[in-house]
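Structure first, commentary second.
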Amino acid sequence: MNADGQSPAVPSLSPSPPASAREVFGSVLPLAERYAAMLAGDGVVRGLIGPRETERLWDRHLLNCAVVAGLVPRRSELLDIGSGAGLPGLVLAMLLPDVRVTLVEPMARRVAFLSECVTGLGLANVTVCRARAEEVHGRLTADVVTARAVAPLDRLAGLAVPLLRAGGVILALKGERAEAEAEAAGPELRRLGVGEVSVLRAGTGLVSPAATVVRLTVSGSGRRAAHRQPAATARTAGRQASGRGGRAGRRGGSPPG
């Protein structure tokens, strides 16, 4: 607190939020600004995002993730795999306080940053788990799995489906080739028990560009799907996720596409 009893302002290391940020983030915009400052400061210094990403933190990263909140069922449990710098997991946790979010990330320096963000932002609904996605198969389950710039869709599904309860959904933030990627992954998705594949544009009219999200709905239990997954496929998917999890510019959360 300063002499007037007010909390000191957070130094602005990131660009000011665009006008659309007020509409998207609403009352939690100050929290998003604090997180943006963390990304633009320690996030760059510690190599979680590239220096060039600071100029587009809002349009290509924060807002791109925030508009996905409308696709997450309320009072659900969410696993964000390959969390990197916290995109989209931390952003969704800010906007959805009634959703329990677990950030799954294998790299120690990213886990340390995520833990500091959770504490600094006061996010009581977030847990940070240091692990690869395949290492928590059988230990963690959720209603929703999110991922951004983690792996091609077929490999991502192999990682995410075993983490889902029956009827759960995967929300994969993708780029311009999302439709082609979803079509190519069709046979593997069906084998894993994915019953519905939708390519959605989230935030149309609010943000530019709108976020491209591939939504996969699992028709049965992810645990049963895990038993159908050949070991070689699981190992390949695991290596992919551990090497590319949640990047932004460098290794921290690069925008899809």
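The numbers here are math on the coordinates, done by the rules we state, and not lab data. These numbers come from a predicted model, not from an experiment. Note that we place each Cβ from the backbone using ideal geometry, even for glycine, and neighbour counts take in every protein chain shown.
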According to the square roots a ≥ b ≥ c of the eigenvalues of the Cα gyration tensor, what is the shape class of the stretch 19-244, taking rounded for a/c under 1.5, prolate for a/b larger than b/c otherwise, and oblate for the remainder? prolate
Within the stretch 85-133: Cβ-based charge dipole about Cα centre, in debye rounded to nearest 20 (Lys, Arg +1; Asp, Glu -1): 220 debye
So, with points 7 Å from each Cα along the Cβ direction, the residue 135-residue 119 label distance in nm works out to 2.1 nm
Using a 10 Å cut-off on Cβ atoms, rank the peptides 160-169, 177-186 from the highest mean neighbour count down. 160-169, 177-186
Scoring the stretch 19-244 by relative contact order with C-alpha pairs under 8 Å, at least six apart, yields a percentage of 19 percent
Can you classify the stretch 17-94 as rounded, prolate or oblate using the Cα gyration tensor, where a ≥ b ≥ c are the square roots of its eigenvalues, rounded means a/c under 1.5, and otherwise it's prolate if a/b beats b/c and oblate if not? oblate
Can you work out ³J(HN,Hα) from phi for every residue in the stretch 168-184, in order, using Karplus 6.51 cos²θ - 1.76 cosθ + 1.60 and θ = phi - 60°, giving whole Hz and x for Gly and Pro? x, 10, 9, 10, 9, 7, 10, x, 5, 9, 4, 4, 5, 5, 5, 5, 5
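Taking neighbour counts of Cβ atoms within 10 Å as a proxy for exposure, in what order, fewest first, do 27, 219, 208, 83 appear?
27, 208, 219, 83
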Run through all the Cα pairs of the stretch 55-117 and give the fraction in each 5 Å bin from 0, expressed as whole percent. 4, 20, 27, 24, 18, 7, 1
With a 10 Å Cβ neighbour count serving as the proxy for reagent exposure, in which order, fewest first, do 218, 194, 145, 45 appear? 45, 194, 218, 145
I'd like the Karplus ³J(HN,Hα) series for the stretch 158-165: coefficients 6.51, -1.76, 1.60, θ = phi - 60°, whole numbers in Hz, and an x wherever there's a Gly or Pro. x, 7, 8, 4, x, 8, 9, 6
